[in-house]
Amino acid sequence: MKKVLVAGATGYLGQYLVKELKKRGFWVRVLIRKETQKSKFENVDDYFIGQITKPNSLDGIAKDMDWVFSTIGITRQKDGMTYMDVDYQGNSNLLKEALKNKVEAFQYISAINGDKLRELKIFEAKERFVDELKGSGIKYCVLRPNGFFSDMKDFLNMAKAGRVYLFGDGNKKLNPIHGSDLAKVCVDKMISGIEEETVGGLDLLTQNELAELALKAWQKPIKISHLPDWTRRFTIWSLRTFTSSKTYGPIEFFLTAMALDNIANKYGTKKLEDFFKLEAKRMKEK
């Protein structure tokens with residue numbers, strides 16, 4: 001039986017990944033920051049309390065482990081932490097422990113097009129770690145999802161007011177994936193030894209189609225406004241010029257992604273339409 005460490009286990013993908021690994025019979029250790037986070041898990045074999053950004057607190061975390069899975073990363077910079085502190089240095093600290101303890105393989109979850117968009121603050125850090133991982137000599141697996149269903153809730157929240165705003169013509173395509181579907185892919189790819197792959201969901205949608213699904217989930221008429229693309233570019237320029245990376249980082253990422261096709265290899269069974277309907281129902285019942 002493989003012994004596996006999951007870092008980022010308390011996050012959206014991490015929790016699904018722990019469940020998937022346990023379902024398949026793996027021995028699982030999770031990294032948590034504090035004792036109270038144990039309550040997030042029903043069935044893990046070991047807890048390791050430490051801070052990913054404090055290397056001394058990680059001593060022994062990878063002892064006796066065969067595989068390490070890291071979903072470590074931040075969307076918004078907070079608590080004084082930057083992307084470099086967490087997405088790069090935190091993962092680098094973990095990799096050093098894996099190498100020290102002769103771990104067999106290390107999987108890291110980056111994002112689609114990260115290798116092509118290194119000028120973005122969030123990808124500058126992620127891809128610096130990817131480079132380090134690939135050059136470390138350990139067996140590696142880098143997966144590049146193109147967005148989670150949970151990320152698409154921004155469209156659902158916009159649609160609640162009865163109108164969705166898009167930049168450009170709304171014809172850029174993406175196929176986001178549910179966390180449980182992605183967790184299965186993570187384990188499958190580690191088992192098969194794949195080194196790098198893009199991962200998306202079943203449905204390839206234009207942004208217009210995605211907006212329509214969000215409006216339909218609220219049973220609203222289809223009202224989509226298309227903003228000229230210069231407004232998107234001007235917003236990015238303004239934020240980069242007049243705010244710090246802490247403020248503009250996540251918005252820069254979102255607005256840049258909106259102007260690209262983000263088409264990944266298709267996996268999974270879950271449909272975004274069903275997710276939107278369930279989320280809208282849950283929000284109504286609050």
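Quick notes on this one:
- Residues of region 217-253 satisfying the condition of being touching a residue at least 12 places away in the same chain (Cβ under 8 Å), closer than 30 Å to residue 281 by Cα and either part of a helix (DSSP H, G or I) or not basic (Lys, Arg) (or both): 217, 218, 221, 224, 225, 226, 227, 250, 251, 253
- For region 257-269, a residue qualifies if it is farther than 17 Å from residue 121 by Cβ, surrounded by 17 or more Cβ atoms within 10 Å (Cβ to Cβ) and not aromatic (Phe, Trp, Tyr), and the qualifying residues are 262, 264, 268.
- Qualifying strands (runs of 3 or more DSSP E) (wholly inside region 1-72; at least 1 residues being of a type in the set (Asp, Glu), open to solvent by 30 Å² or more (accessible area, probe 1.4 Å) and free of Cβ contacts under 8 Å to residues at least 60 places away in the same chain): 46-49
- Top-ranked residue in region 138-160 [being of a type in the set (Gly, Ala, Ser) and in contact with a Phe, Trp or Tyr (Cβ under 9 Å, 6 or more places away or on another chain); ranked as modelled with the highest pLDDT]: 159
- Being open to solvent by less than 30 Å² (accessible area, probe 1.4 Å), within 17 Å of the chain's Cα centre (by Cα) and either under 30 Å from residue 259 (Cβ atoms) or without any contact (Cβ under 8 Å) to a residue 40 or more places away in the chain (or both) is a description that applies to residue 114.
- When 83, 108, 140 are checked against the criterion of being at negative phi, of a type outside the set (D, E, K, R) and touching a Gly at 6+ places or on another chain (Cβ under 8 Å), 83 stands alone in meeting it.
- Residues in region 275-286 that are open to solvent by less than 70 Å² (accessible area, probe 1.4 Å) and either of a type outside the set (Phe, Trp, Tyr) or farther than 26 Å from residue 180 by Cα (or both): 3 in all.
- Selection from region 155-184 of residues that are open to solvent by 30 Å² or more (accessible area, probe 1.4 Å) and outside any helix (DSSP H, G or I): 160, 161, 163, 165, 167, 169, 171, 172, 173
- Scanning region 75-111 for residues that are among the charged types (D, E, K, R), more than 21 Å from residue 141 (Cα to Cα) and under 18 Å from the mean Cα position of the chain (by Cα), we see that the one that is most open to solvent (accessible area, probe 1.4 Å) is 76.
- Search result, residues across region 239-256 that are open to solvent by 60 Å² or more (accessible area, probe 1.4 Å) and closer than 15 Å to residue 147 by Cα: 251, 253, 254
For (1) within 19 Å of residue 117 (Cβ to Cβ); (2) within 16 Å of the chain's Cα centre (by Cα); (3) surrounded by 13 or more Cβ atoms within 10 Å (Cβ to Cβ), each residue gets a yes or a no:
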residue	(1), (2), (3)
186	no, yes, yes
198	yes, yes, yes
202	no, no, yes
221	no, no, no
229	yes, no, yes
233	yes, no, yes
236	yes, no, yes
273	no, no, yes
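- Qualifying positions in region 35-74 - farther than 28 Å from residue 120 by Cβ, within 23 Å of the chain's Cα centre (by Cα) and of a type in the set (A, V, I, L, M, F, W, C): 41, 44, 48, 49, 61, 62, 67
The values are calculated or read from the model by the stated rules, or taken from the named source; none is laboratory data. A quick note: this is a predicted structure, and the numbers were derived from the prediction, not measured. Glycine gets a Cβ as well: all are built from the backbone with ideal geometry, and neighbour counts include every protein chain shown. SASA here: full protein model, heavy atoms, side chains in, ligands and nucleic acids out. Shrake-Rupley method; radii C 1.70, N 1.55, O 1.52, S 1.80 Å.
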